[in-house]
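Input: a single structure, listed below in structure tokens.
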Number of protein chains: 2
Amino acid sequence: MFTGLSAFPLTPLAADGSVDEKAFITLVQRLVAAGVDSISPLGSTGSYAYLSREERARVARLAVEHAAGVPVMVGIGATRTREVLAVAEDAQAAGVSAVLLAPVSYQPLTEDDVLGLYEDVTRELSVPLAVYDNPGTTRFTFTDELYQAVAALPQVASIKIPGSSGLTSARVEELRKMLPGHLSLGVSGDGFGAAGLSAGCDAWYSSIGGTLPGPVVAITRAVQSGDLAGAAAESARLQPLWDLFGKHRGALRVIGTIAEHLGLVSAPSLPRPIRGLSGADRAEVIAIVTRLGLTE
Amino acid sequence: MFTGLSAFPLTPLAADGSVDEKAFITLVQRLVAAGVDSISPLGSTGSYAYLSREERARVARLAVEHAAGVPVMVGIGATRTREVLAVAEDAQAAGVSAVLLAPVSYQPLTEDDVLGLYEDVTRELSVPLAVYDNPGTTRFTFTDELYQAVAALPQVASIKIPGSSGLTSARVEELRKMLPGHLSLGVSGDGFGAAGLSAGCDAWYSSIGGTLPGPVVAITRAVQSGDLAGAAAESARLQPLWDLFGKHRGALRVIGTIAEHLGLVSAPSLPRPIRGLSGADRAEVIAIVTRLGLTE
């Protein structure tokens with residue numbers, strides 16, 4: 001569940017704002033066909049923070065139904081613990097293999113708040129949980145001490161670590177020493193996927209993998225077979241794509257544009273107030289993914 | 001509506017996590033008795049980001065019902081525009097005099113997203129709207145250009161500006177020149193209320209005013225009568241209270257503690273994952289408000 005390539009599909013919307021279930025199912029089926037190791041709907045890329053409890057339950061059920069046995073992990077974050085617990089219950093009823101929880105906030109959270117959140121939630125869980133450390137959306141920064149405290153809770157099986165140039169093999173070793181042996185370390189931030197896996201992370205939690213699984217599965221398999229140079233070269237080749245994520249405040253707007261361009265989802269696919277890219281920004285994304293051979 | 005002292009009451013919770021309606025009504029009645037100029041439930045202090053649509057509609061109705069004719073403004077923010085529109089509809093049906101909208105985010109928003117949000121919402125509104133510029137919770141920073149674009153929309157009647165030492169009379173004059181003449185400028189950040197009003201702001205959007213209206217109404221009346229020195233002296237006397245807000249990541253945890261200590265709400269009154277203050281932190285808050293004579 002917590003090793004290899006975990007792909008985060010979009011939750012595409014229809015013109016009336018409802019979930020485009022047909023398009024979502026197609027995305028899930030593409031991931032199965034591409035041989036990803038797990039599927040993670042309702043992550044940040046899956047717009048979990050914009051959907052109702054009912055929509056989230058439905059998406060979780062559709063994912064499990066169409067994953068053909070590939071493990072499914074869904075995001076259960078919400079501003080309020082009460083809502084997190086309700087969504088977690090729905091996800092488990094849908095048959096997910098794991099859940100992913102970020103410390104979503106409105107009021108800035110303290111370390112005590114966050115530890116308490118994971119305590120309250122893991123107490124009620126029967127499936128494993130991945131800790132979703134995503135400061136770009138939660139604006140909360142985990143300390144190593146908090147990693148340790150949260151990792152000691154029952155059901156906690158993985159930490160999704162924000163990718164950075166600091167995620168070296170020395171850092172991964174340091175984390176291994178301070179954290180329980182069974183804990184999986186996963187890297188996110190697609191531009192750091194190859195480096196994170198090569199540094200010793202168990203998993204790559206990939207946004208772009210939910211829409212373009214081919215190249216990221218290939219990079220993952222390269223690392224797993226010991227071809228670190230090949231993985232690094234392919235990731236470097238995709239640098240113009242990673243740069244777009246930095247330019248557009250994260251991966252979501254870029255990936256939405258790609259999925260729309262490929263006809264996988266209809267435009268606009270993202271929840272307002274988020275506007276998809278338009279004009280020159282949109283043209284640039286399409287030009288880059290075309291040039292990189294990602295639209296074939 | 002958008003002048004003088006607007007007081008932001010808590011939305012206190014009962015032990016089972018539901019809204020403590022009786023305590024909320026008591027808070028509203030205290031504000032009426034204290035002579036505030038308007039009441040703003042469901043602001044950040046009123047935990048709007050943690051409540052369901054139904055709870056928000058109910059709180060808006062209770063506020064209007066018990067405000068004895070004092071104008072009521074409620075927060076309508078949500079991560080998704082669809083939800084903002086639904087909450088706005090409920091608020092208007094409840095009979096509020098105005099709504100307050102912050103660009104709540106999960107994915108970081110662009111200026112275009114935020115302008116689009118205000119366009120989408122004001123198009124549907126029949127009551128005036130105050131723009132809620134609150135980077136501490138939304139992590140979005142308005143530029144002057146965006147202030148101008150949003151202020152030009154129909155229904156936009158006020159901007160709630162984050163208080164800072166930069167909110168001088170020169171800055172207020174600068175804002176007046178660039179913004180429509182009818183627009184009310186309001187200061188938030190209670191430690192900057194006296195200075196903001198003295199610098200020429202029309203309104204003070206006060207968190208502490210929702211629980212301890214006495215001192216902030218007095219400061220507001222002092223400024224309005226031209227006694228700027230008296231207002232500044234009283235605000236300076238309360239500096240130990242303002243310092244607590246800085247220490248505890250905003251006003252909410254401190255105000256929750258004060259309201260619990262005064263027996264206005266039962267503990268814990270705040271929505272999890274937010275933990276109330278405990279131990280030495282709690283004792284310090286109680287000691288300071290007692291020493292300042294605010295518990296009488």
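The values are calculated or read from the model by the stated rules, or taken from the named source; none is laboratory data. In this text, all values refer to a predicted model and were calculated from it rather than measured experimentally. Positions of Cβ are backbone-derived with ideal geometry, glycine not excepted, and every protein chain shown enters the neighbour counts.
Please find, within the range A:10-67, the residue that is surrounded by the fewest Cβ atoms within 10 Å (Cβ to Cβ) out of those that are among the polar types (S, T, N, Q) and assigned to a helix (DSSP H, G or I).
Among those that are among the polar types (S, T, N, Q) and assigned to a helix (DSSP H, G or I), it is A:Gln29.
Total residues in the range A:157-178 satisfying the condition of being surrounded by 15 or more Cβ atoms within 10 Å (Cβ to Cβ), over 15 Å from A:Ala130 (Cβ atoms) and either polar (S, T, N, Q) or more than 19 Å from the chain's Cα centre (by Cα) (or both): the figure is 3. The condition of being under 18 Å from A:Ala23 (Cβ atoms), modelled with pLDDT under 95 and within 14 Å of chain B (Cβ to nearest Cβ) holds for only one of A:Gly256, A:Gly276, that being A:Gly276. With respect to the conditions (1) without any contact (Cβ under 8 Å) to a residue 24 or more places away in the chain; (2) of a type in the set (A, V, I, L, M, F, W, C); (3) surrounded by 20 or more Cβ atoms within 10 Å (Cβ to Cβ), B:Met73 lacks only one, and its number is (1). For the range B:269-294, which residues satisfy the criterion of being out of contact with any Pro (no Cβ under 7 Å at 6 or more places or on another chain), surrounded by fewer than 17 Cβ atoms within 10 Å (Cβ to Cβ) and not in a helix (DSSP H, G or I)? The answer is B:Ser278, B:Gly293. Every condition in (1) part of a helix (DSSP H, G or I); (2) buried (at least 20 other Cβ atoms within 10 Å of the Cβ) holds for B:Leu5 except the one numbered (1). Apart from one condition, A:Leu117 fits all of (1) assigned to a helix (DSSP H, G or I); (2) away from chain B (no Cβ under 14 Å); (3) farther than 20 Å from A:Val19 by Cα; (4) aliphatic (A, V, I, L, M); the exception is (2). Given the criteria more than 14 Å from chain B (Cβ to nearest Cβ) and free of Cβ contacts under 8 Å to residues at least 60 places away in the same chain, does A:Arg171 qualify? Spelling it out, A:Arg171 is indeed more than 14 Å from chain B (Cβ to nearest Cβ) and free of Cβ contacts under 8 Å to residues at least 60 places away in the same chain. Remark: pairs (first residue in the range A:226-249, more than 14 Å from chain B (Cβ to nearest Cβ) and farther than 17 Å from A:Ala283 by Cα; second residue in a helix (DSSP H, G or I) and among the aromatic types (Phe, Trp, Tyr); Cβ separation under 9 Å; 6+ apart in sequence or on different chains) = A:Ser235/A:Phe192; A:Ser235/A:Trp242. When you check A:Ile288 against the structure, is it touching a helix residue (DSSP H, G or I) at 6+ places or on another chain (Cβ under 7 Å) and within 14 Å of another protein chain (Cβ to nearest Cβ), yes or no? In short, no.
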